[in-house]
Amino acid sequence: QIPCGIYGDDLRFALLEEHIATIEKSVNEITKLSENTGANVNQLVRWTVNKDQHADYFAEVVTEYFMRQRVKPVEKPTDPQWDGYAKQLALCHQMLVASMKAKQTTDLQYVSQLRGLVEEFRKAYSAKTQ
């Protein structure tokens with residue numbers, strides 16, 4: 001969290017998308033392996049751990065990179081940049097909740113929700129420089 005200038009936004013967005021794809025694959029594997037739980041218990045555990053880890057990694061990028069470093073605070077609601085700031089924060093919070101739900105369940109709706117939120121956040125985040 002030092003201003004080294006090495007990290008880039010495009011890579012962070014690519015990482016978010018990669019974590020979503022990994023969560024999705026994990027959910028699909030868990031669903032398939034659940035057809036014969038007894039024979040597949042080890043693989044079920046491994047895919048569940050994988051899904052949970054990538055949900056945490058996703059949340060880490062949102063929190064550690066975007067919320068702590070890149071979404072710049074705006075002091076007052078009367079500031080002309082307040083609406084953009086509030087939207088970015090709200091989307092970050094929604095992404096964190098969706099990643100938590102993806103961790104708690106095997107419902108693919110949260111994968112779809114994450115994809116949509118990342119795209120919406122990308123647009124709101126990109127608007128800050130325009």
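The values are calculated or read from the model by the stated rules, or taken from the named source; none is laboratory data. This one's a predicted model, so the numbers in the text were calculated from it and none came from an experiment. Positions of Cβ are generated from backbone atoms using ideal geometry, with glycine treated the same way; all protein chains shown enter the neighbour counts. Remember, those area values only see protein heavy atoms, side chains included, never the ligands or the DNA or RNA. Shrake-Rupley method; radii C 1.70, N 1.55, O 1.52, S 1.80 Å.
Kindly provide the helix-only [θ] at 222 nm of the chain, computed as the sum of -39,500 (n - 2.57) over DSSP H runs of four or more divided by all residues, to the nearest 500 deg cm²/dmol?
Helices in the chain give a 222 nm mean residue ellipticity of -24000 deg cm²/dmol.
Whole-Hz ³J(HN,Hα) for each residue in segment 56-65, computed from phi via Karplus 6.51 cos²θ - 1.76 cosθ + 1.60 with θ = phi - 60°, x for glycine and proline: what do you get?
5, 4, 4, 4, 5, 4, 4, 6, 6, 8
For segment 10-56, compute Rh as the Kirkwood radius over C-alpha pairs and then the Stokes-Einstein diffusion coefficient at 10 °C and 1.306 mPa s; write the answer in µm²/s, rounded to an integer. Before the final figure, lay out the partial values.
On the way: Rh = 11.0 Å.
Using the Kirkwood radius from Cα pairs, D works out to 144 µm²/s.
Any chance you could run the full-extension gain for MET100 through THR31? It's 0.36 nm times the residue separation minus the Cα-Cα distance, nm to one decimal. Could you put the intermediate results ahead of the total?
Numbers: separation 69, 0.36 × 69 = 24.84 nm, distance 1.87 nm.
Result: 23.0 nm gained on full extension.
Using a Förster radius of 30 Å, what is the FRET efficiency between LEU15 and GLU75 based on their Cβ-Cβ separation? Nearest 0.05, please.
Details: r = 30 Å, r/R0 = 1.01.
Efficiency for this residue pair is about 0.50.
Taking the chain, how much of its Cα-Cα pair set, in percent, is spaced more than 20 angstrom apart?
Result for the distance tail: 48 percent.
Restricting to lysine pairs 8 or more places apart or on different chains, what number in the chain have Cα atoms under 19 Å apart?
14
Measure nothing fancy, just the Cα-based angle from helix 82-104's long axis to the longest principal axis of the chain, in degrees from 0 to 90, nearest 10.
10 degrees
Expressed as a whole percent, how much of the Cα-Cα distance distribution for segment 29-89 exceeds 13 Å?
70 percent
Can you tell me the length gained on complete extension of the stretch ARG115 to THR63, counting 0.36 nm per residue apart and subtracting the Cα distance?
Working it through step by step, the gained length comes to 17.0 nm.
Keeping all protein chains in place, calculate the accessible area per residue for the chain (probe 1.4 angstrom), answer in Å².
62 Å²
Output ³J(HN,Hα) for segment 25-30: one whole-Hz value per residue in order, computed from phi by the Karplus curve 6.51 cos²θ - 1.76 cosθ + 1.60 with θ = phi - 60°, and x for Gly and Pro.
Coupling constants for segment 25-30: 4, 4, 4, 4, 5, 4 Hz.
Could you give each residue of segment 66-74 its phi-based ³J(HN,Hα) in whole Hz, using Karplus coefficients 6.51, -1.76, 1.60 with θ = phi - 60°, and x for Gly or Pro?
Running phi through 6.51 cos²θ - 1.76 cosθ + 1.60 with θ = phi - 60° gives 6, 5, 7, 10, 9, 7, 7, x, 10 Hz.
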